[in-house]
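First up is the structure itself, then whatever we jot down about it.
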Amino acid sequence: MYPNGPSYQLTYFTDGDTYKGPYTSGDTYSGVETPDADTLVIHLRQPFADLPFYLSYPLFTPIPKDKDTRERYKDGPLATGPYQFDTLTAGIELTLKKNPYWDADSDAARHQYPDRWDFKWGSELVKNQQQVLNSTGPDASALDYENVDSSLIPQLSGARANQLVKGDSPCTSVLNLDSRKLPIEVRKAVAKAYPADQLYQAEGQNDLVAQPASTIMPPSVPGYRKYPPLPDLSGTGKGDPAAAKAMLAAAGRLGFELSWYYDNTKPIREQLNQIQADALTAAGFTVKPIGVATAEFRRRVHDYYSPVNLGQSPSAWCSDWPAGGSWFPVLFQSHSLLDGQSWGMLSDPELDAEIDEIGKLPAEQRNARWMRLDQQLMARYVVVPRFYNKLAFLVGTNIGGAEGDSTLAMPLLANLFCKT
């Protein structure tokens, strides 16, 4: 999603902001030391309590230099786990076969239950999920890890109810408000007018896959604590255009222009845009939605210097690991603007310092402080929270061991097996 990839190493590793990787900067890097063949030492320029989480990323998998095929590596990575690439048709299908060199005794967290895996992409969602529900022939040993489509929910009764696997997700969806361009009285009026219920329904959300949000961090993150929602930030309601218009009038802001991009190639996106535009127009705003094609939309919403003032990316955030350290330092510090992943487009040295301070606290103190900061940031009205994502996926009748991974919002693939 972000062209520069994860930025934690830029912030926390020694010289991480200047080292450009081995292809550009060579093999000598002061942030990493390898004193022998079995030891990796990482030098930090500031405390990074969540480093063990970050080290679980696949990008930390060691790659022998003679196996590094650079841009071709993604087509045939070195296998260090229970499976290895068999065939790959980019963007369409990937099959995995057992890795004969994998030793189960050295890797208790993973298993080699199925003989092979076959991943397929690009098929029509509802058709695919219906096949999984029907579980005819090979479809009984299939699953679809996209959330279940609302049109199929009426079928999930009786025996088929057991084919639905539910769980939590580490994601929160929001309307991003650019605090550089929108005064707080305008941001509060946007929240007052926001048609949350209408958008939720039009988008096809339901209680299986989403729940209204009133905080930044979702309930799945350890340390989450629900606090009373700030006014008009409950993730629910039809909006109150008349009250929002009165707020604008009192602030001398009637007719304030709001602008955003939307994808005009998808009917559902056009419908959502119209609902939002109608509600904000009724609230006394002048609205300027800018419709663009999908590829252009993705490019423009990442441009924080484009001529819009709300709806920039990211419209949702999923924590990289279950802690506040993968929310607030990423989304709300000044560097977030340069990283292209900012909520509210804040550049506040005092906030930067507070986030750094919390990150240095012992684990038992950090969680409470993150939630206190969560509430403080919501009071600045830099986002309008929409919903927390939830996990609800379908499995065939021959699939066993199916459960959700709330950290990745995915099935826990390592535990899946075929019953027969």
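Just so it is clear, none of the values below were taken in a lab; they were calculated from the coordinates. Being a predicted model, the structure only gives us computed values, none of them experimental. Every residue, glycine among them, receives a Cβ derived from its backbone with ideal geometry; neighbour counts consider all protein chains shown.
Using a cut-off of 17 Å between alpha-carbon atoms, which aspartates and glutamates can reach K97, once sequence neighbours fewer than 8 places away in the same chain are excluded? Within reach: D75, D86, D115, D118. In terms of other Cβ atoms within 10 Å, T172, T407, T136 run from fewest to most in the order T136, T407, T172. For the cross-link pairs K181/K226; K20/K74; K166/K226; K166/K390, the ones whose C-alpha atoms lie over 18 Å apart are K181/K226; K20/K74; K166/K226. Applying the Karplus relation 6.51 cos²θ - 1.76 cosθ + 1.60 with θ = phi - 60° to segment 360-375 yields 3J(HN,Hα) values of 8, 6, x, 4, 5, 9, 5, 4, 5, 5, 4, 5, 5, 5, 3, 5 Hz, where x marks Gly and Pro.
Compared with the dominant principal axis of the Cα atoms in the chain, helix 184-193 is inclined by about 80°. Rounded to the nearest 10 degrees, what's the angle between the helix 267-282 long axis and the longest principal axis of the chain, both from Cα atoms, 0 to 90? Approximately 30 degrees, to the nearest 10. Taking the number of Cβ atoms within 10 Å of each Cβ as an exposure proxy, the fewest-first ranking of R116, R110, R369 is R116, R110, R369. The C-alpha atoms of the chain define a longest principal axis, and helix 241-250 lies at about 60 degrees to it. Look at where the Cα atoms of segment 133-200 and of segment 235-278 average out, and the two centres are 21 Å apart. GNM on the chain, C-alpha springs below 10 Å: top fluctuator among K74, K266, K166? Evaluated over the chain, the most mobile residue of the options is K74.
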